[in-house]
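The values are calculated or read from the model by the stated rules, or taken from the named source; none is laboratory data. Keep in mind that this is a model prediction, so the values were computed, not measured. Here the Cβ is made from the backbone with ideal geometry for all residues, glycine too, and neighbour counts use every protein chain on show.
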Amino acid sequence: MNNLVRSNIAKLIPYKVNPTNVRWVLNANESPFNMFEQWQEDILNELKKENINLYPSANCDELRMLLAENNQCDAENIVCGNGSDEIIKMVTEVFVDQGDKVIIPIPTFSEYFTSATVAGGEIIRVPSNPDFSFDIDEIIRQTNIQDAKLIFLCVPNNPTGLASDEKDIQRIIDETAAIVAIDEAYFEFYGKSSLKIALENPRVIVMRTLSKAFGVAGIRLGYAIAHPDTIDLIQRVRMPYNISSLTQAVARVAVRKSQQVQQITQSLIEERKRIVTRLADLPVEIFESHTNFILYRTAKFSELMNAFEETGIAVRVYPNDPMLNNCIRISLGTIEANDAVIAVFKEAYQHD
Ligand SMILES: Cc1ncc(COP(=O)(O)O)c(C=O)c1O
């Protein structure tokens, strides 16, 4: 059968999620708060409006209106996806043909590589600077000499937590002719966005998700914001009815709760500051984060990994990425979970 498989699919490795039967799951940048208890009345009322014997709203009409209101744009500027993973896939499908070049600054989120490979694109990796800031000049240079079609920029970036300067993003847009897809999965923790540019420039696409700050990763809802002409292109590759009526209903409730979500986001940002302050004395490199996770680099990598395992804390590591050698990415959790993380670090360094 292998001879029937497309060659670019044959070389892919499926995305693997390790089962996590641990006390604190801090390896996927989810929200530590399950809002179902607080929102359940609204959710149940919203679900009652749905006729599940019928197909859902094909284009998420009401949800797109709510998202547009939140983002001060029009529903025509928005398309919804089954998680922003699907948005990444659709954007790639629209613009990347067999052999087309795709620029990906590294290290970054893995789905860009998968989507580009599935589409038959040729990936041009642009290593970031030693402090993990993007190498803007090189991104521009490579895009132009390779005549690349698409650039993925994750702002703030996963797994580093760093955010790129608005001026730098603008330079990439102005000094290249490629599509610039800006993944703002962690926007709510950062506060700055390229949304305004995306609304005006059809080459710029902003990608967002309800999986992080909004705390509903389980429903799978992402969206793109772009110029209506660009949204129209993405609509062409979107599967009909890609978002279930159950997801649409819960997403509408979550989006209406955005003020509460902002408060929760703020409390997580405070937690982030608290963790950084508590660990400041230790000889651990802590990368400046604008997200709901922190990337650490430590000489005591193995010792810490054992301690996290013993404590029942799932964290994320990158054994196959030399740039992320000795790095551990840990999501912000509840105060209790964060205290447990702090304790593990302190314990590992207490006799130094
Ligand atoms: C940068 C980035 N983009 C997209 C995603 C995927 O989000 P979603 O749950 O919306 O598919 C993630 C998830 O970790 C992410 O870190």
Practice problem: Can you run down the residue pairs with Cβ atoms below 7 Å, 6 or more apart or on separate chains, where the first is in region 265-293 and not assigned by TED's automatic domain parsing to the domain that holds N27 and among the hydrophobic types (A, V, I, L, M, F, W, C) and the partner is assigned to a loop (DSSP other than H, G, I, E, B) and buried (at least 19 other Cβ atoms within 10 Å of the Cβ)? | Solution: none
Practice problem: Please go through region 80-124 and pick out each residue that is among the hydroxyl-bearing types (S, T, Y) and farther than 20 Å from L162 by Cβ. | Solution: T92, T114, S115, T117
Quiz item: Scanning for something of a type in the set (A, V, I, L, M), surrounded by fewer than 19 Cβ atoms within 10 Å (Cβ to Cβ) and out of contact with any strand residue (DSSP E or B) (no Cβ under 6 Å at 6 or more places or on another chain), does region 69-85 turn up at least one residue?
Solution: no
Quiz item: Of all residues in region 71-104, how many are under 22 Å from V216 (Cα atoms), within 14 Å of the ligand (Cβ to nearest atom), of a type in the set (A, V, I, L, M) and touching a helix residue (DSSP H, G or I) at 6+ places or on another chain (Cβ under 6 Å)?
Solution: 3
Exercise. Report the residue count in region 105-122 for those that are farther than 12 Å from N8 by Cα and away from the ligand (no atom under 12 Å from the Cβ).
Key: 2
Quiz item: With region 1-90 as the region, which helices (runs of 4 or more DSSP H) entirely inside it contain at least 1 residues that are outside the structural domain of I264 (by TED's automatic domain parsing)?
Solution: 36-48, 61-70
Exercise. Output the residue which, of all residues in region 293-348 that are of a type in the set (F, W, Y) and surrounded by 18 or more Cβ atoms within 10 Å (Cβ to Cβ), is farthest from E271 (Cα to Cα).
Key: F308
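Can you find even one residue in region 246-269 that is in a helix (DSSP H, G or I) and touching a Pro at 6+ places or on another chain (Cβ under 7 Å)?
yes
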Practice problem: Could you tell me which numbered condition T92 fails, if it satisfies all but one of (1) in contact with a Pro (Cβ under 9 Å, 6 or more places away or on another chain); (2) surrounded by 15 or more Cβ atoms within 10 Å (Cβ to Cβ)? | Solution: (1)
Quiz item: Restricting attention to region 255-270, which residues are farther than 21 Å from H290 by Cβ and under 18 Å from the mean Cα position of the chain (by Cα)?
Solution: V255
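Restricting to region 231-245, count the residues that are assigned to a loop (DSSP other than H, G, I, E, B) and either more than 16 Å from the ligand (Cβ to nearest atom) or aromatic (F, W, Y) (or both).
Here is the first cut: in region 231-245, the residues assigned to a loop (DSSP other than H, G, I, E, B) are 238-244.
Checking the rest, the ones that are also either more than 16 Å from the ligand (Cβ to nearest atom) or aromatic (F, W, Y) (or both) come to 240-241.
Residues meeting the conditions: 2.
Tell me yes or no: at least one residue of region 89-98 is within 22 Å of the chain's Cα centre (by Cα), more than 17 Å from M239 (Cβ to Cβ) and not charged (D, E, K, R).
Filtering region 89-98 for residues within 22 Å of the chain's Cα centre (by Cα) gives 89-96.
Add one more test, that the residue is more than 17 Å from M239 (Cβ to Cβ), and what stays is 95-96.
Now narrow it down to the ones that are not charged (D, E, K, R): 95-96.
There is at least one residue in region 89-98 that is within 22 Å of the chain's Cα centre (by Cα), more than 17 Å from M239 (Cβ to Cβ) and not charged (D, E, K, R).
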Quiz item: Which members of region 180-230 meet the condition of being away from the ligand (no atom under 11 Å from the Cβ), closer than 25 Å to K257 by Cβ and not aliphatic (A, V, I, L, M)?
Solution: E188, F189, Y190, G191, K192, S193, S194, K196, G215
Quiz prompt | Members of region 127-171 found to be within 23 Å of S84 (Cβ to Cβ) and free of Cβ contacts under 8 Å to residues at least 12 places away in the same chain, listed by number | solution = D165
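Being closer than 26 Å to D229 by Cα and free of Cβ contacts under 8 Å to residues at least 60 places away in the same chain is true for just one of I104, I124, I87. Which residue is that?
Values: I124 fails: closer than 26 Å to D229 by Cα; I87 fails: free of Cβ contacts under 8 Å to residues at least 60 places away in the same chain.
Testing whether each residue is closer than 26 Å to D229 by Cα and free of Cβ contacts under 8 Å to residues at least 60 places away in the same chain leaves just I104.
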